[in-house]
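Structure, as structure tokens:
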Amino acid sequence: SAQVSRAYPEVAYAVGIHPLFVAPGHREVMGALAGAAAGGAAAIGEIGLDKKAGSPDLALQRDLFDRQLRVARDLDLPVVVHCRGAYDELLHSVRRTGLCARGGIIHAFSSTAEVAGECIRLGFSISLGGTLTYRNSPRRTEVLRRAYPDYLTLETDSPDMPPVERRGAPNVPANILFNLRAAAATLGESEEAVAEATTRTARRVFNLKED
């Protein structure tokens, strides 16, 4: 990631241990993670908690998540968070540990508008991707409206989570246009307004320079 970013200055990168890949030995690499992040990362991530069947032990996940939250806080870096089925635990950890002033992003947010509101209160912005294009979830619409305009970002999560227009095909970054169109239609806003708002949020969180 760092090599790609050095070769292409327009590319930012994050470093972190994903909850689906945590292992006991990772407790010993927090110093290395901090060093790698201090070398130019825009964020610590993707980190988080996952209760899906077959995921690693939740206690281990929480320990590594808390440790990485502290690394991010100490380095004044935002976090990119993956969470499935563990929002209560996530919120508890963040309340205890805290975030840097720029907060972080909840990637592929999948809970209620009420939980989104609490995440925002703690310093997070909410990111949504290809699920927006299915337009079949009143709960997702409520989340979208709760986060817009100041706490919403868009993503593709390529090669995963393709939009409905590309279902069955590998997802690619260019498909973010489908997600933008779906968000704008749901909000009743212009695509230009939603693009400007979500870009502004991403720049604020990741400290990105304007083109």
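The values are calculated or read from the model by the stated rules, or taken from the named source; none is laboratory data. Quick caveat: nothing in here was measured; it's all calculated off a predicted structure. FYI the Cβ positions are ideal-geometry reconstructions off the backbone, even for glycines, and counts take in every protein chain you see. Ligands, DNA and RNA are stripped out before the accessible areas are found, and what is left, the full protein with its side chains, is counted by its heavy atoms. Shrake-Rupley method; radii C 1.70, N 1.55, O 1.52, S 1.80 Å.
Among the protein heavy atoms of the chain, carbon and sulfur supply 51% of the accessible surface, probe 1.4 Å, non-protein parts ignored. Could you tell me the calculated FRET efficiency between residue 110 and residue 11, based on Cβ-Cβ distance and R0 = 22 angstrom, to the nearest 0.05? Computed FRET efficiency for residue 110 and residue 11 comes out at 0.25. Computed across the range 1-89, the Kirkwood hydrodynamic radius from all distinct Cα-Cα pairs reaches 13.4 Å.
In this structure, the amide hydrogen of residue 152, modeled 1.01 Å from its nitrogen in the peptide plane, lies closer than 5 angstrom to those of 126, counting only residues at least 5 positions away or on a different chain. In this calculation the C-beta distance from residue 52 to residue 23 is compared with R0 = 25 Å, giving a FRET efficiency of 0.90.
Treating only the Cβ of Lys, Arg, Asp and Glu as charged (+1, +1, -1, -1), what charge dipole size does the chain show about its Cα centre? Round to the nearest 20 debye.
Values: 25 positive and 25 negative charges, 55 e Å.
With only Lys, Arg, Asp and Glu charged at Cβ, the dipole is about 260 debye.
Residues of the chain were split at every exposed loop site, defined as trypsin sites (Lys or Arg not before Pro) in a DSSP loop with at most 15 other C-beta atoms within 10 angstrom, and the longest piece left, sites excluded, is 53-134.
Accessible area per residue for the chain is 50 Å², calculated with a 1.4 Å probe on protein heavy atoms, without ligands, DNA or RNA.
Over all projection directions, the Cα-based convex hull of the range 79-211 averages an area of 7.9 nm². Site pair residue 74 and residue 165 shows an inter-label distance of 4.5 nm when each label is modelled 7 Å from Cα along Cα→Cβ. Taking the C-alpha atoms only, the angle from helix 87-97 to the longest principal axis of the chain is near 50 degrees.
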